[in-house]
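Peer 1: I'd like to ask you about the structure that follows.
The values are calculated or read from the model by the stated rules, or taken from the named source; none is laboratory data. Note that this is a predicted model, so its numbers are computed, not measured. As a convention, Cβ positions derive from the backbone with ideal geometry for all residues, glycine included, and neighbour counts pool all protein chains shown. Heavy atoms of the whole protein, side chains included, go into the accessibility calculation; ligands, DNA and RNA do not. Shrake-Rupley method; radii C 1.70, N 1.55, O 1.52, S 1.80 Å.
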Amino acid sequence: MFLYFCLRNILCCFNLKNMKKLFVYFAIISLFSAGAFSCGGDGDDDGQLSGKPARIKSSYNDDVSFSYQDDRLLQITENGDGGSGSTYEFGYGNDELSSLSSRPTDPRIADGDSYHTFKKDDSGKITVEITGFAPDVRVQEIELDANFPVKITDMGRYSIDEGGVKKKTGDGEYYSFFSWNATTGQLLKEEVRRIETSETVAVYTYKYDGAPGVLSGVDCPLWFYAYWNRNLHFSLGTYKALFFGYANNLTEATVDDSLTDRHEVLKYVYDYGTDGLPVSVSVQTAGGETLTTVQIQY
């Protein structure tokens, strides 16, 4: 997949304060945000690195399992304390990612379902419809440039009548610009701006190591990782931060967010296995305080 990615880019060029625990819990979620490259864990028949985690456990008692069909994600199941956690299911159509559903892992919990559909038009623009927040449908739009997601816009909220006719019930407030390393595919920066004024209200910047990423063997489009991480800004201190590991592994995240008054630097310190893949990560503050640790099995 990595070779494919490089060749694809070449061709494209020719065509062209008690809140800390809450913050920590939501922050590790971002490490998972990156998997369109194939390198990767032990046990592949061809002897190659797999880069497909099977299970992740954190010091917050998160126990997360992954299932695949070949290199594609099918399901992520979170089993937290007291039955907390969600189950994410990935759907595919026309050989592309087309949907993501989320529901509470504990069947006794009735509320919390959501469903995301992804529809790409002829220009490559992707429209996302999010249901489960009844009665409205939230709509977002992802714009691509040479297959890199460069902008995601909140288009607003809509009601849908029995005949399937949409009616706008609320305007979107924000859009995000993304900056990428075109060679490695690493997400370097996200800038969040108000739609009405174009004022920048938040900036997230990221640094990486040179090792194969935790999710480097997962076949998933770059636009999905941008979309996933954008909707999980509070997850940078939780296991989900591993989702940034689609190419290499996140080593530092800087948050400058005036909307939530968060101004943080998080560091990610890894232990690596003999194949070069991370087997554990410690999430730390800039001052060296450990917020959580995560163990990774492939």
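Peer 1: Considering every residue within segment 273-280, establish whether at least one is in contact with a Phe, Trp or Tyr (Cβ under 6 Å, 6 or more places away or on another chain) and on the phi < 0 side of the Ramachandran plot.
Peer 2: Yes, because at least one residue in segment 273-280 is in contact with a Phe, Trp or Tyr (Cβ under 6 Å, 6 or more places away or on another chain) and on the phi < 0 side of the Ramachandran plot.
Peer 1: Something else now. Return the total of residues in segment 232-262 being open to solvent by 20 Å² or more (accessible area, probe 1.4 Å), at pLDDT 95 or above and of a type outside the set (D, E, K, R).
Peer 2: Summing the residues that are open to solvent by 20 Å² or more (accessible area, probe 1.4 Å), at pLDDT 95 or above and of a type outside the set (D, E, K, R) in segment 232-262 gives 4.
Peer 1: Right, here's the next one. Report whether or not Ala146 is small (Gly, Ala, Ser) and in contact with a strand residue (DSSP E or B) (Cβ under 8 Å, 6 or more places away or on another chain).
Peer 2: Working: small (Gly, Ala, Ser): yes; in contact with a strand residue (DSSP E or B) (Cβ under 8 Å, 6 or more places away or on another chain): no.
No; evaluated as a whole, the condition is false for this residue.
Peer 1: Yes or no: segment 186-199 includes at least one residue that is of a type in the set (Gly, Ala, Ser), open to solvent by 30 Å² or more (accessible area, probe 1.4 Å) and under 26 Å from Gly156 (Cα atoms). Break it down stepwise before answering.
Peer 2: Kept after step one, since they are of a type in the set (Gly, Ala, Ser), are these residues of segment 186-199: 198.
Among the residues that remain, those that are also open to solvent by 30 Å² or more (accessible area, probe 1.4 Å) are: 198.
If we keep only those that are under 26 Å from Gly156 (Cα atoms) too, we end up with 198.
Checked segment 186-199: at least one residue is of a type in the set (Gly, Ala, Ser), open to solvent by 30 Å² or more (accessible area, probe 1.4 Å) and under 26 Å from Gly156 (Cα atoms).
Peer 1: If you don't mind, another one. Just give me the residues in segment 227-245 being assigned to a helix (DSSP H, G or I) and among the hydrophobic types (A, V, I, L, M, F, W, C), in sequence order. Please lay out each step first, then the result.
Peer 2: Of the residues in segment 227-245, the ones assigned to a helix (DSSP H, G or I) are 227-230, 233-235, 239-243.
Within segment 227-245, Trp228, Phe234, Ala241, Leu242, Phe243 meet the criteria.
Peer 1: Next question, about the same structure. Give me a count of the residues in segment 185-210 that are part of a loop (DSSP other than H, G, I, E, B) and over 17 Å from the mean Cα position of the chain (by Cα).
Peer 2: Restricting attention to segment 185-210, the residues satisfying the condition of being part of a loop (DSSP other than H, G, I, E, B) are 185-186, 195-199, 209-210.
Those left that are additionally over 17 Å from the mean Cα position of the chain (by Cα): 195-199, 209-210.
Of the residues in that region, 7 qualify.
Peer 1: Could you say whether any residue in segment 198-205 is at positive phi and hydroxyl-bearing (Ser, Thr, Tyr)? Even if it seems obvious, please write down each step before you answer.
Peer 2: Here is the first cut: in segment 198-205, the ones at positive phi are 198.
Now narrow it down to the ones that are hydroxyl-bearing (Ser, Thr, Tyr): 198.
So far as segment 198-205 goes, yes, one or more of its residues are at positive phi and hydroxyl-bearing (Ser, Thr, Tyr).
Peer 1: Considering only segment 154-170, state which residues are in a strand (DSSP E or B) and aliphatic (A, V, I, L, M). Break it down into steps so the answer makes sense when it comes.
Peer 2: To start, the set of residues in segment 154-170 that are in a strand (DSSP E or B) comprises 154-160, 166-170.
The answer is Met155, Ile160.
Peer 1: If you don't mind, there's one more thing I want to ask. Which one is nearest to Leu222 (Cα to Cα), of the residues in segment 94-107 that are part of a strand (DSSP E or B) and open to solvent by 30 Å² or more (accessible area, probe 1.4 Å)?
Peer 2: Going through segment 94-107, the residues part of a strand (DSSP E or B) turn out to be 96-104.
Now restrict to residues that are open to solvent by 30 Å² or more (accessible area, probe 1.4 Å): 96, 98, 103.
Details: Glu96: 12, Ser98: 14, Arg103: 24 Å.
If we take residues in segment 94-107 being part of a strand (DSSP E or B) and open to solvent by 30 Å² or more (accessible area, probe 1.4 Å), then Glu96 is nearest to Leu222 (Cα to Cα).
Peer 1: Could you list, in sequence order, the residues of segment 266-285 that are surrounded by 24 or more Cβ atoms within 10 Å (Cβ to Cβ), hydrophobic (A, V, I, L, M, F, W, C) and within 11 Å of Val214 (Cβ to Cβ)?
Peer 2: Once the filter is applied, which keeps residues that are surrounded by 24 or more Cβ atoms within 10 Å (Cβ to Cβ), hydrophobic (A, V, I, L, M, F, W, C) and within 11 Å of Val214 (Cβ to Cβ), segment 266-285 yields Leu277, Val281.
Peer 1: For segment 35-86, which strands (runs of 3 or more DSSP E) that fit wholly inside it have 1 or more residues that are farther than 21 Å from Ser280 by Cα and modelled with pLDDT of 95 or more?
Peer 2: Values: elements: 55-58, 63-69, 72-79.
By residue number, 63-69, 72-79.
Peer 1: Looking only at segment 217-225, decide whether some residue is among the hydroxyl-bearing types (Ser, Thr, Tyr), open to solvent by less than 30 Å² (accessible area, probe 1.4 Å), closer than 22 Å to Glu252 by Cβ and assigned to a strand (DSSP E or B). Talk me through it step by step, then tell me what you get.
Peer 2: The initial filter retains those residues of segment 217-225 that are among the hydroxyl-bearing types (Ser, Thr, Tyr), namely 225.
Narrowing the set further to residues that are open to solvent by less than 30 Å² (accessible area, probe 1.4 Å) leaves 225.
If we keep only those that are closer than 22 Å to Glu252 by Cβ as well, we get 225.
Now drop any that are not assigned to a strand (DSSP E or B), which leaves none.
No, every residue in segment 217-225 fails to be among the hydroxyl-bearing types (Ser, Thr, Tyr), open to solvent by less than 30 Å² (accessible area, probe 1.4 Å), closer than 22 Å to Glu252 by Cβ and assigned to a strand (DSSP E or B).
Peer 1: Inspect all residues belonging to segment 108-121 and state whether any of them is within 29 Å of Leu242 (Cα to Cα), of a type in the set (A, V, I, L, M) and loosely packed, with under 14 Cβ neighbours inside 10 Å. Write out each step before concluding.
Peer 2: Initial filter on segment 108-121 (within 29 Å of Leu242 (Cα to Cα)): 108-120.
Subsequent filtering for residues that are of a type in the set (A, V, I, L, M) retains 109-110.
Those still in the list that are loosely packed, with under 14 Cβ neighbours inside 10 Å too: 110.
Yes, segment 108-121 contains at least one residue that is within 29 Å of Leu242 (Cα to Cα), of a type in the set (A, V, I, L, M) and loosely packed, with under 14 Cβ neighbours inside 10 Å.
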